[in-house]
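The values are calculated or read from the model by the stated rules, or taken from the named source; none is laboratory data. The structure displayed is predicted, hence computed values, not measured ones. Here the Cβ positions follow ideal geometry from the backbone for every residue, glycine too, while neighbour counts run over all protein chains shown. When the accessible area is computed, the model is the full protein with side chains, heavy atoms only, and any ligands, DNA or RNA have been set aside. Shrake-Rupley method; radii C 1.70, N 1.55, O 1.52, S 1.80 Å.
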Amino acid sequence: RDHARHRSAAALGIVAHDLRNPLSTILTQVWALKRVPLELERRSQKPMEVIERAARRMSRLIQDLLDVALMEAGRLTIERVRLSVGALLVEAVDLQRPLASSSSLELRVEVDPDVPEVLGDRGRILQVFDNLIGNAIKFTTAGGRITAGATPGDDDVIFWVADTGEGIASENLPLIFD
């Protein structure tokens with residue numbers, strides 16, 4: 001029980017830490033907008049796009065916090081419906097396309113033609129891909145590529161995200177799911 005509480009506290013700490021980055025971006029962009037003459041701001045929507053992306057990221061992180069609280073209370077709901085794997089991956093990638101483009105990254109989807117439909121919670125699966133693809137974007141240098149894909153397993157579907165980033169240091173691999 002104490003171990004579970006410790007893991008929840010660690011998860012909440014990570015999410016809270018991650019909330020600081022988009023909040024800092026929002027505040028910086030708001031400050032920049034206050035300094036830009038109105039006619040120039042009308043010609044360039046870039047600061048507004050950055051603010052909107054950061055605010056959406058914060059919203060997702062806040063939802064993560066709420067989900068952790070629901071998990072601890074044993075009240076997290078999962079709505080299982082039939083899902084097309086290809087459509088799901090295209091949606092997950094499309095949600096990240098503006099951020100990837102602004103970072104000069106290529107996003108791809110690779111789905112084996114033999115992949116069956118899956119039963120799953122669309123929102124929860126998209127949430128997982130948001131985190132995985134978002135991290136890949138964060139740690140892949142400009143000009144790189146991120147690919148989300150799926151292939152059939154024995155009695156399941158194997159989803160994956162690959163990127164051309166530097167990867168996780170080998171000494172941190174054992175700690176990745178802590």
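One table, with the values for the structure above:
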read-out: Among residues of segment 59-77, those that are outside any helix (DSSP H, G or I) and either under 19 Å from the mean Cα position of the chain (by Cα) or at negative phi (or both), counted; value: 4
read-out: Qualifying residue in segment 108-120 (condition: more than 24 Å from Pro22 (Cβ to Cβ) and either within 16 Å of the chain's Cα centre (by Cα) or aromatic (Phe, Trp, Tyr) (or both)); value: yes
read-out: Criterion violated by Pro47 - all others in (1) modelled with pLDDT of 75 or more; (2) open to solvent by less than 80 Å² (accessible area, probe 1.4 Å) satisfied; value: (1)
read-out: Filtered residues of segment 89-107 (kept if among the hydrophobic types (A, V, I, L, M, F, W, C) and either over 15 Å from the mean Cα position of the chain (by Cα) or over 18 Å from Ala150 (Cα atoms) (or both)); value: Leu99, Ala100, Leu105
read-out: Enumerated strands (runs of 3 or more DSSP E) restricted to segment 78-178, each holding at least 2 residues that are aliphatic (A, V, I, L, M), surrounded by 12 or more Cβ atoms within 10 Å (Cβ to Cβ) and at pLDDT 95 or above; value: 106-111, 145-152, 157-163
